[in-house]
Every structure is written in C-alpha cells, then in structure tokens.
Amino acid sequence: MKKSKSLGVIVAMTGCLLLSPSTGWAADKVDSNMQTIVDGKSTDQVSRLIGQTLYSPYALVADQLDAQATWDADQGTLTLTKGTTKITLSDRATSTTASYPTLQLVGDQVFVSVRAVFEAFDYKVIYTSATRSVTIQPSAPVISNPTPTATSDTYQSVSILTDLDPSTATGLRIEGVIANADNQVFTVEMGSKTLYRIAADTGQMDTLTELPRSGTGMALDTDGNLYIASGGEEGLIYRINEEDLSSAAFDSSKVVTYASGVPGANGLAFDGSGNLYVSGGATGAIYKVSASGQVSTYASGILPTREEQKIVVNGIAFGTDGQLYVSNTSSGEVNRFAINSDGSLGQRQLVAQSPLLYGADGLNFGPDGAIYVAANERNAIVRVGLDGQVRDIASNNNNGPLEFPASLHFVGNTLYISNFDQPRGINNPNDPGIGASIATMDFS
Ligand SMILES: [Ca+2]
Ligand SMILES: [Ca+2]
Ligand SMILES: [Ca+2]
C-alpha cells in the first residue's frame, strides 16, 4: 500500500475538522463539469469548484501521482510524498503552499487542490476556458530540447514538379499530397474541391473529380487504397479504391465516405494493422478509425502556445518504433505517443521543440530514419532527428520554390511536397512566387 491511510481512516479523523470555524467552504462548493486530462488521458474524476479553485479526491490525485498520502490528525493536514518532493496540504491558506486552502472537505471526502498538488510535483496545469478542461502534463520533456542549428551549407535543392496555376502566383490552395508506387501523385485543390492525379515522372496533371467537400491530409493503406481527410465541424474521411486511381473514366461515384465524426480531421496515418489515426487540428483530439470503421476519440493533451495559431495536432505518421508522431503547429513541437494495447494513446513524449518548427504541418519519415516536417509559415522543410536535433534542410523567401509547404510524403528517396500557398508568415502576401504547386526534393 502506497497510501498509508485508507480513505475510511481519513473520513473518521476528519469529523473533527468539520467543526473547525475556519472552513467556510460549504456555501461555495459546486459540482464541476470540468474535464481533467492527465498525461493526455481524459479522466472521469469527480471534481469540485470551490471559489476559483478546482479540487479532486485526494486518493485519486495521489494515485495519479503515484505518491504516498499521510494524514496528520493533530494538525488536520495531509502530506503527499513522492521521491524527494513532499507537500503538506491544509484547509487553511498558508504561505508555504498556496494563497488558498489546498485541502477541502466535501461531504465525507477529502479533496485537494489539483493545481497546488500537481504544480508542486513539477507538472504543468493548464486551464482552457473554451473547453472547460484542465490539462496536466509533466513539465520536463522526456527528450531534451536541443539548441536549433540552421546552416546554409546543409540546404538541399527543391524542384517544382507541377505548378497548378502556371499563369499566376496566387489563387489556388492545396494542403495534402500523397504519392504511390505507380508513379502517381494526388492532391486536392481546396477552393474547387478538385482531386488531381499528377504523373510523378512528367508532372502532367489530370482532373479526376470534384469531391463533395474539400480535402486536406491523405494516406494510402497497404493495398494502395487512397484516403482523404475533410475537416470542419463534422469531419469526414473519404476512400477511393486502388484500382480506380488509374481509371481514365474516373467519376464521383468512386469516392465513398469511409468514416465520419472526426471534427477538424487534418492528417492521416495507418498503423501496421489497418487502423487509421487522424489528427484533429485545433480540436487537440486524435481519432482512431479501426479497420472495421469504428471511430474512437482521444484527447492528445497537446495545447497551443501562440494565440495566432491554434492548430496543435496536424502532421501525423508512424515511426518504425510503432509510435505515433504528431506535429504541433502552434508551439513548434514534434510529440510522440506509444499506442496502448487497446489502441488508445500512451503517454505523450516531446521529441523536439524549436522556433524552426513554428508552423509544423505535415511530417513523414525519410530514408535516413529522421522526421521531415513542413514548417508552413517559414517556407521551410525541417529535419528532426530522433535525438531531438532540429535543422532546416531547405527554406526560402516569398519567391519560392517552397510556398507555405503543408504536407510531405516520401516514396523511396523522393520527397513530394504540397505548396499550400496560404498568405501567412514568410509567404504573406503569397504573391510573388510560384503559388499552389507540387515540389520535390531528391535524397538519393
Ligand atoms: Ca503558379
Ligand atoms: Ca495539415
Ligand atoms: Ca510566395
């Protein structure tokens, strides 16, 4: 037993505390519908708002921390101990803990301040008013954040395979790109919702169909079937059969809705078992669509740090280690999650954070095993080593050839990049330059 006193013991002992005249909480306490997310996992813990402070049952918090709880009946205090950290909580505001009571009695239960406890044990506690949620995550990254280096001698050349609007530098928008083993490259123009097929060898572009809705990220399953994310409040995933992708007589009947209920759907990645993981953009959610089509929603616990950019789960790809890697566009991070045996997300680990990753959008693993990230607002492609080293491998000013690069996909040693051409960051205004286009880089 880590907890040296059972709840029953505490309840018995706290009877006298209820008589204390200093505990003026009774009129203030209200049930809270606040969602509490610990290490990326949504919990169903019953919390109470007392004044402006959120309190949770002490036993649950001690369990989440794996801390030892000890009650001092004489002092009416609860002590939590883990490793070398020890804090004492009481129903009186004290200078050594917080300016508010860190412990409250609610009915026959002992509640403790979520913020006071987790911050004392070096967790970040972040309240998000829009979603009425409290996110709790370790303050220290698992992998250290290296000093970013960007040297021009590491730059590699970028070529344009296809300019979607050859006569102009502005107007069209493409977010997703995917290429298959049949030398076919696919992208969706967002304004017209047009699905294009582009020959990887010649750059020739064919119009396949107009999708019911616009499309963003794309993925192929192991059989070569194509999947396209369509975000918005009612997010959808479209699917097109592999044999139809080469069809000369493509029509809209070839596009079927594979999944729905994935708000903000942005990036797509298959695991090795046919489960599709979907990043939820600004929702912060990551969805799993099982091979049988069942949708599960997981809170990533990833938050924005820049007000002007709210997208926090964007690019998404599996590593050879079986972990799911996702980019945080707002804070310039790559995070990863182990996948639990039930398909849910394990604990978040920070792989790298850098200003070079501001605008981190699509990501994909290269032939050298490193992560390549499209840093859209920087007109840059960034390499992130699994050791956390971050460096630009290509970047340019507003003239292109990178024009707000949004997605990228390797086929062998060739990297295909979609130039989204949003007018933001270095690409603002988006004229001059090439505009919406497919760029390539050769890593052979
Ligand atoms: Ca153009
Ligand atoms: Ca994206
Ligand atoms: Ca430009």
Review point. What are the trypsin sites (Lys or Arg not before Pro) within the stretch 46-92 that DSSP puts in a loop, where the Cβ has at most 10 other Cβ atoms within 10 Å?
Key: none
Review point. Check ILE393: other-chain or 5+ apart residues with amide H under 5 Å from its amide H, H built from backbone geometry?
Key: ILE381, VAL382, ARG383
Review point. Got a number for carbon plus sulfur as a percent of the stretch 232-326's accessible area, 1.4 Å probe?
Key: 46 percent
Practice item. Would you work out if the stretch 323-372 is rounded, prolate or oblate? Take a ≥ b ≥ c from the square roots of the eigenvalues of the alpha-carbon gyration tensor; rounded if a/c is under 1.5, else prolate when a/b is larger than b/c, oblate otherwise. Key: oblate
Review point. Between PHE318 and residues 5 or more places away or on another chain, which pairs have amide H atoms under 5 Å apart, with H built 1.01 Å from N, and which residues are they?
Key: TYR325
Study note, to complete from the structure: Quick note, the stretch 152-442: a/c under 1.5 would make it rounded; otherwise a/b > b/c is prolate and the rest oblate (a ≥ b ≥ c, C-alpha gyration tensor); here it is rounded
**Study point:** Student exercise, the stretch 155-225 dipole from Lys, Arg, Asp, Glu Cβ charges, in Debye to nearest 20
**Key:** 220 debye
Check your understanding: Going through the stretch 203-291, which GluC sites (Glu not before Pro) have at most 11 other Cβ atoms within 10 Å and a DSSP loop state?
Key -> GLU233
Point to revise | About the Cα centre, charge dipole magnitude for the stretch 203-314 (Lys/Arg +1, Asp/Glu -1 at Cβ), debye | key: 380 debye
Point to revise | Dipole axis of the stretch 294-444 (+1 Lys, Arg; -1 Asp, Glu on Cβ), positive-most option in ILE302, GLY362, ALA380 | key: ILE302
Practice item. Check the straight Cα-Cα distances from LYS124 and name the aspartates and glutamates below 17 Å, setting aside those fewer than 8 residues away within the same chain. Key: ASP39, ASP66, GLU333
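The values are calculated or read from the model by the stated rules, or taken from the named source; none is laboratory data. Remember, it's a predicted structure, so these values are computed and weren't measured experimentally. With ideal geometry, Cβ positions are generated from the backbone for all residues, glycine too; neighbour counts draw on all protein chains shown. Ligands, DNA and RNA are stripped out before the accessible areas are found, and what is left, the full protein with its side chains, is counted by its heavy atoms. Shrake-Rupley method; radii C 1.70, N 1.55, O 1.52, S 1.80 Å.
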